[in-house]
Amino acid sequence: MIKILPENVSIPFMKAHKIAFVLSVIAVAISLFFIFSKGLNFGIDFAGGIMMEVQLDEQPDLNQMRSDLNNIGLVGSVSIQEFGSVRDLMIRVQEQPGGDKGQQIAIDSIRSALGTDGVEYRRVEFVGPQVGDELIRKGLYAVLGAMFGILMYIVFRFQVQFSLAAIAALFHDSILTIGLFAWLEMEFNLSTVAAVLMIAGYSINDTVVVFDRVRENLRRYAKKPLEDLFDESINSMLSRTILTSGTTLLALVALWAFGGEVIRGFVDALIWGVLIGTYSSVFVATPLLKYFKLQRDEI
Amino acid sequence: MINIGKYTLYTIIFIAVLGVLFALPNVLSPEARQYVEENLPSWIPNQTVNLGLDLRGGSHLLLEVEMAEVIRDRIDSLTASARSISRTERIRPDSIRRSEAGIIVTLREDDARDTMLSALRKFHRAEGVAVRESGDRIEVFYDDDALRELKQKTIQQSIEIIRRRIDETGTKEPIIQSQGEDRILVQLPGVDDPERIKSLLGKTARMTFHLVDMDVSCSDTRGVPAGTKCLPHTDGTSAAVPIKRRALLSGDMLDNAASTFDQQSGQPVVSFRFNGLGARKFGDITKNNVGKLFAIVLDDTVITAPRINEPILGGSGQISGNFTPEKANDMSILLRAGALPAPLTVVEERSVGPSLGADSIEAGKLASVVGLGGIIFFMFLSYGRFGWYADIALLINMALIIGLLSMLQATLTLPGIAGIVLTIGMAVDANVLVFERIREEIAAGRSPVSAIDKGYQGAMSTIIDANVTTFIAALLLFILGTGPVKGFAVTLMIGIITSMYSAIYLTRVFVVYWLRRNRPDTLKI
């Protein structure tokens, strides 16, 4: 059997926590900067509009196609991107005026510009702006609701201090994830919201595991200095943290490599989130406990 | 924790067997499933996982019912009945105005107002319309309850008509359900180009029959009289047709409609037949108006306006209007299915072709197998024998997830597959927590039996806390999410439950029985 770590490993995590805090604050600031300056690249789920995924028999001349599709009188520019291979294309255009019929006409004119020979229309989606607004609202409710639910559970099971530290880590992870999407201009859609929530779930899972050990050690060692106690708790859970993150990443990498282009953005977010979530439970959530004035006798 | 009672053991095994049994139909060939269906008792599970439209291919349409239109129509009819009541009661109201959800009749004279009030109350008694006096005005309006009821009724009627129209096209297993206050969700498995259905649903199909006003012309700059209006002709080239506003007959009196070919010209036409009452009216109208033009109007467009050459007493006729056979067929479908109570707008559409769905399923399967294989190997490397136990539990866990999905007939979507793969990764977490704990206890000098006992005990609260918090996130996702996201939440929730069962109970059974049989002095983990 391979042990990931030697027995009685003791890495002084708490010594590094101030550096980690600075790094995290900088990362959060940069993320917020990207989110507010560049904005998010909303997909049609939220922005409304038309999206078509087509597969061609032969590799197309993208420049030619771009100029063709931008000359059929649609409002806004038609974006064409490769989607997994050179023959698979994702075509997107903003919502067209003229209501339901306007979209239909737009879809038809794209179809007639591309022709039907050697072109397979694999996916056609259209979302109206009103639906988009509702989806944004629901997504936001889901994220905030989930955070609140988790907060309540931790207050109920631990102390308020733990709950505050956990939520701080949760915001840290969510903001860094959304920031990554803003920075790389990755499409932000419904499944991204699902990914953010999932990351929240994973991150909190990881944090709670360490907190559980902290609570146990607080009961066991009444006099031990908090820094040492945190270090011991993190170290004794370290091998579990690495193993579980490892198996989860293994599954996600399989999904990334073989799961197809449709969910790749979703998986990108999850992989990032697992890494960030693991980091934050060790370097953000647990060290934060030190500053929240734990009441030892109430444990 | 290392004493497992007899009944607990039976329950644990029973659940595992049940899970495998429910998952089994998914790996059988269609022929084998048919054999099971026909030859084995009906309690044997035989349902497979219900694939979402993004996996099996199909169209998802979200339609919005234009309620404002319905309410406007209702207010029109309130106005009309108020006018007719004032005529029969010989009262002249100072004004009749529209309000937000009704009308306001102003009557300064007290006696007349009282008469009008009681007449209006009597007239609207059965309809759930509120009639209220305030100052010199009488308000007739739909209150909140009545509006809600009106909306519900409109949605129900629309769903009924939509179902009839879609059934006529031969689409199999459509799902048509209301969503929210004024929307209808239509899911059409196997339809990847919903053009025809959308064009069928896009028409209200309200058919009415009017006399043409032959004394005026729509090109006249002085306009047309109040009782006449100009409607465009369907062929787009003919001039607008001046028709009398009053509809003499409407499509709801039709008994049947079919597309055929005209016997003389060979042109595609739509033939129709009125029901008893409609036939009598149709006979009277044609008898009294020989020589005049008679317009057939569909959704405010004149389809055709032929001359009445002779009374038509049989109650049937045909509509010719330069149709293609396809158009004639669609129109007959619309007439048979009846008119929608309000126009519909498509506010969201998602169509997936069958090839993309099939590719996604293959990709999902491959990713699951690779992920599963990797984790099985990883767990074996890390924990040896105990790793194998966790691996067997993981495989049974997969069967449980698929079995539960089949049993509940929850919809599996592509994000749902991602949820399963992710669950595989996270499912071993509970085992890892226990095994790590056992390692710690061994290192602290405990005997194998005691270390395993303590290991399970110590890890339990962590396992529960960690899973409950993740479950909260998944539950919120399920409640507030839409479409594919919901599918992800479903598999995630199922996965959390099954993985807790398999890690806490199933692996423990293996570990405990190995322990009892071998009674090891040292523990390698």
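The values are calculated or read from the model by the stated rules, or taken from the named source; none is laboratory data. Keep in mind the model is a prediction, meaning the values are calculated, not measured. Reconstructed Cβ throughout: ideal geometry from the backbone, glycine too, with neighbour counts over all protein chains shown.
Some observations on this one:
- Subset tally (residues that are crowded, with 22+ Cβ neighbours inside 10 Å and either more than 8 Å from chain B (Cβ to nearest Cβ) or of a type outside the set (A, V, I, L, M) (or both)) for segment A:261-278: 7
- Taking every residue in segment A:120-137 that is more than 7 Å from chain B (Cβ to nearest Cβ) and pairing it with any residue that is among the aromatic types (F, W, Y) and surrounded by 22 or more Cβ atoms within 10 Å (Cβ to Cβ), at least 6 positions away or on another chain, the pairs with Cβ-Cβ distances below 9 Å are A:G132/A:F46; A:D133/A:F46; A:I136/A:F46.
- Residue in segment B:488-505 that is touching a strand residue (DSSP E or B) at 6+ places or on another chain (Cβ under 8 Å) and more than 9 Å from chain A (Cβ to nearest Cβ) present: yes
- A:A222, sole failed condition from (1) more than 12 Å from chain B (Cβ to nearest Cβ); (2) part of a helix (DSSP H, G or I); (3) not β-branched (V, I, T): (2)
- Residue list for segment B:177-201, filter: among the aliphatic types (A, V, I, L, M) and at pLDDT below 90: B:V191, B:I197, B:L200, B:L201
- Any hit, segment B:326-335, residues being crowded, with 21+ Cβ neighbours inside 10 Å and within 10 Å of chain A (Cβ to nearest Cβ): no
- Residues considered: B:V105, B:V65. Of these, the only one that is touching a Pro at 6+ places or on another chain (Cβ under 6 Å) and over 26 Å from B:T491 (Cα atoms) is B:V105.
- Checking each residue in segment B:195-224 for being under 42 Å from the mean Cα position of the chain (by Cα) and free of Cβ contacts under 8 Å to residues at least 60 places away in the same chain picks out only B:E195.
- Selection of segment A:225-238 for residues being charged (D, E, K, R) and more than 12 Å from chain B (Cβ to nearest Cβ) yields A:E227, A:D228, A:D231.
- Cβ-Cβ distances below 9 Å connect the following pairs, each with a first residue in segment B:26-43 that is in a helix (DSSP H, G or I), a second residue that is among the hydroxyl-bearing types (S, T, Y), and a separation of six or more residues or different chains: B:N26/B:T48; B:N26/B:S406; B:R33/B:T48.
- Selection within segment A:262-299 - assigned to a helix (DSSP H, G or I), closer than 25 Å to A:K15 by Cα and among the aliphatic types (A, V, I, L, M): A:V274, A:L275, A:I276, A:V282, A:V284, A:A285, A:L288, A:L289
- Some residue of segment A:53-63 being assigned to a helix (DSSP H, G or I), away from chain B (no Cβ under 14 Å), at pLDDT 85 or above and within 31 Å of the chain's Cα centre (by Cα): yes
- Of residues in segment B:441-453 being surrounded by 19 or more Cβ atoms within 10 Å (Cβ to Cβ) and of a type in the set (D, E, K, R), the one nearest to B:R516 (Cα to Cα): B:D453
- Among the candidates A:R219, A:R213, residue that is at pLDDT 90 or above and either acidic (D, E) or closer than 17 Å to A:Q159 by Cα (or both): A:R213
- Looking at segment B:53-167, the helices (runs of 4 or more DSSP H) lying wholly inside it that each contain 3 or more residues that are without any contact (Cβ under 8 Å) to a residue 24 or more places away in the chain sit at B:67-88, B:110-123.
- In this structure, B:P174 does not satisfy being at pLDDT below 85 and more than 23 Å from B:T301 (Cα to Cα).
- In segment A:64-108, the residues that are assigned to a helix (DSSP H, G or I), within 14 Å of chain B (Cβ to nearest Cβ) and out of contact with any strand residue (DSSP E or B) (no Cβ under 8 Å at 6 or more places or on another chain): A:K101, A:G102, A:Q104, A:I105, A:D108
- Pairs meeting the criteria (first residue in segment A:189-213 and more than 7 Å from every other protein chain (Cβ to nearest Cβ) and in a helix (DSSP H, G or I), second residue among the acidic types (D, E) and crowded, with 24+ Cβ neighbours inside 10 Å, beta carbons under 8 Å, at least 6 apart or on different chains) are A:I199/A:D173; A:S203/A:D173.
- None of B:K172, B:K229 is free of Cβ contacts under 8 Å to residues at least 24 places away in the same chain, surrounded by fewer than 19 Cβ atoms within 10 Å (Cβ to Cβ) and within 20 Å of B:G52 (Cα to Cα) except B:K172.
- When residues of segment B:456-487 are limited to those that are at the interface with chain A (Cβ under 7 Å from one of its Cβ atoms) and more than 27 Å from the chain's Cα centre (by Cα), the one surrounded by the fewest Cβ atoms within 10 Å (Cβ to Cβ): B:S461
- On inspection, B:D145 passes the criterion of being surrounded by fewer than 17 Cβ atoms within 10 Å (Cβ to Cβ) and more than 18 Å from B:T79 (Cβ to Cβ).
- Where B:I525 falls short, out of the listed (1) assigned to a helix (DSSP H, G or I); (2) in contact (Cβ under 8 Å) with a residue 40 or more places away in the chain; (3) of a type in the set (A, V, I, L, M, F, W, C): (1)
- Single match in A:A169, A:A182 (criterion: aliphatic (A, V, I, L, M), assigned to a helix (DSSP H, G or I) and closer than 23 Å to A:I44 by Cα): A:A182
- Restricting attention to segment B:191-238, the residues that are polar (S, T, N, Q), assigned to a loop (DSSP other than H, G, I, E, B) and closer than 24 Å to B:F272 by Cβ add up to 3.
- Within segment B:199-213, the only residue that satisfies the criterion of being surrounded by 20 or more Cβ atoms within 10 Å (Cβ to Cβ) and within 12 Å of chain A (Cβ to nearest Cβ) is B:L201.
- Out of B:S118, B:S84, B:S77, one residue alone is farther than 28 Å from B:L340 by Cβ, more than 14 Å from chain A (Cβ to nearest Cβ) and either hydroxyl-bearing (S, T, Y) or touching a Lys or Arg at 6+ places or on another chain (Cβ under 6 Å) (or both). It is B:S118.
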